[in-house]
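The values are calculated or read from the model by the stated rules, or taken from the named source; none is laboratory data. Fair warning: this is a prediction, and the values are worked out from it, not measured in the lab. FYI the Cβ positions are ideal-geometry reconstructions off the backbone, even for glycines, and counts take in every protein chain you see. Ligands, DNA and RNA are excluded from the accessible area calculation, which covers all protein heavy atoms including side chains. Shrake-Rupley method; radii C 1.70, N 1.55, O 1.52, S 1.80 Å.
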Amino acid sequence: GAVVSQHPSRVICKSGTSVKIECRSLDFQATTMFWYRQFPKKSLMLMATSNEGSKATYEQGVEKDKFLINHASLTLSTLTVTSAHPEDSSFYICSAPKGGAGNTIYFGEGSWLTVV
Amino acid sequence: DAKTTQPPSMDCAEGRAANLPCNHSTISGNEYVYWYRQIHSQGPQYIIHGLKNNETNEMASLIITEDRKSSTLILPHATLRDTAVYYCIVRVAGGGADGLTFGKGTHLIIQP
């Protein structure tokens, strides 16, 4: 069964509004979670690393004020797309590492965001 | 993380074994080989990983060459549901603070 869960799986929002996507680790604690975005027929691009109890680390070119990340607990990270525009429409995916040395990273089901 | 090279696409007949190659000639001694797949419109699914020994689980087998510069993922009896993009990724052991870097992967198409 799934070990990382995302919600919502699909969301439509109006331009200028904000939308929040949740990522939960279901049976383990994750001090670190990762957020990706994926455009159609493209590979996954790492956006940021979410750190429990501290600020997220963003990849180069990703606007931290637009993509707000909050890692409020050891099982929950949220991504808020602020002032969304149609070009923010994409597939957003989170992941979290589980286990010790050689640990495995598991991915959520993904969230489709459409900005109209 | 070391870079990997995979063929962009492959076909395989349903019921046959699908063998997906991956080159990782610059892999370091402490880097594992991970395989994921992504079925259309879903998040990537973990398949298998290994360091230097061959590995097998309920989904697939992973064969790593002795010099660790390449590996092969084997799906023993491919079904139509195995059609997906398969990603080979190398990653430092216990690198929990580092996200995975995805290449373009191999689009495996299982033919009926």
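Hey, got the Cα dimensions of region B:32-84 along the principal axes, in Å, largest first?
The Cα atoms of region B:32-84 stretch 35, 22, 16 Å along their principal axes.
Counting only protein heavy atoms, what percent of the accessible surface of chain A is carbon or sulfur at a 1.4 Å probe?
51
Work out the P(r) tail for chain B: percent of alpha carbon pairs separated by more than 25 Å, whole number.
Cα-Cα pairs of chain B separated by over 25 Å account for 15 percent.
For chain A, what's the relative contact order in percent, using C-alpha pairs closer than 8 Å and at least 6 residues apart?
After rounding, I find 36 percent.
First obtain the Kirkwood hydrodynamic radius of chain A from its Cα pairs, then insert it into the Stokes-Einstein equation at 20 °C and 1.002 mPa s, and state the resulting D in µm² per second as a whole number.
The diffusion coefficient I find is 152 µm²/s.
Once you measure Cβ to Cβ distances between cysteines in chain A, which Cys have no partner under 4.7 Å?
A:CYS13 - these cysteines have no disulfide-compatible partner (Cβ-Cβ under 4.7 Å) in chain A.
Which semi-axis lengths, in whole Å and largest first, follow from the square roots of five times the eigenvalues of the Cα gyration tensor of region A:37-102?
Those come to 22, 16, 10 Å.
Mind ranking B:ILE48, B:ILE39 by accessible surface for me, highest first, 1.4 Å probe?
My answer, sorted largest first, is B:ILE39, B:ILE48.
If you count only protein heavy atoms with a 1.4 Å probe, what accessible area per residue comes out for region B:31-112, rounded to a whole Å²?
With all protein chains present, region B:31-112 gives 47 Å² per residue.
Choose one answer from A:THR75, A:THR57, A:THR32: the residue with the largest mean-square fluctuation in a GNM of chain A with alpha-carbon springs under 10 Å.
A:THR57
Give me the log10 of I(q) over I(0) for region A:1-46 at q = 0.13, 0.14, 0.25 Å⁻¹, as the Debye formula computes it from C-alpha points; what are the numbers?
Relative scattering, expressed as log10 I(q)/I(0), comes to -0.42, -0.49, -1.13.
Quick check: at a probe of 1.4 Å, how many percent of the accessible area of chain B sits on carbon and sulfur atoms?
Taking all protein chains in place, chain B shows 49 percent carbon and sulfur surface.
What is the interface area between chains B and A, defined as buried accessible area summed over both chains with a 1.4 Å probe, reported in Å² to the nearest 100?
1500
Which semi-axis lengths, in whole Å and largest first, follow from the square roots of five times the eigenvalues of the Cα gyration tensor of the protein assembly as shown?
Semi-axis lengths for the protein assembly as shown are 31, 20, 15 Å.
Normalised by the residues of chain B, what does the relative contact order come to in percent, with Cα pairs under 8 Å and at least six apart?
Once normalised by length, the contact order is 37 percent.
Taking all protein chains together and a probe of 1.4 Å, list B:ARG16, B:ARG37, B:ARG91 from the most accessible to the least accessible.
Putting B:ARG16, B:ARG37, B:ARG91 in descending order of accessible area: B:ARG16, B:ARG37, B:ARG91.
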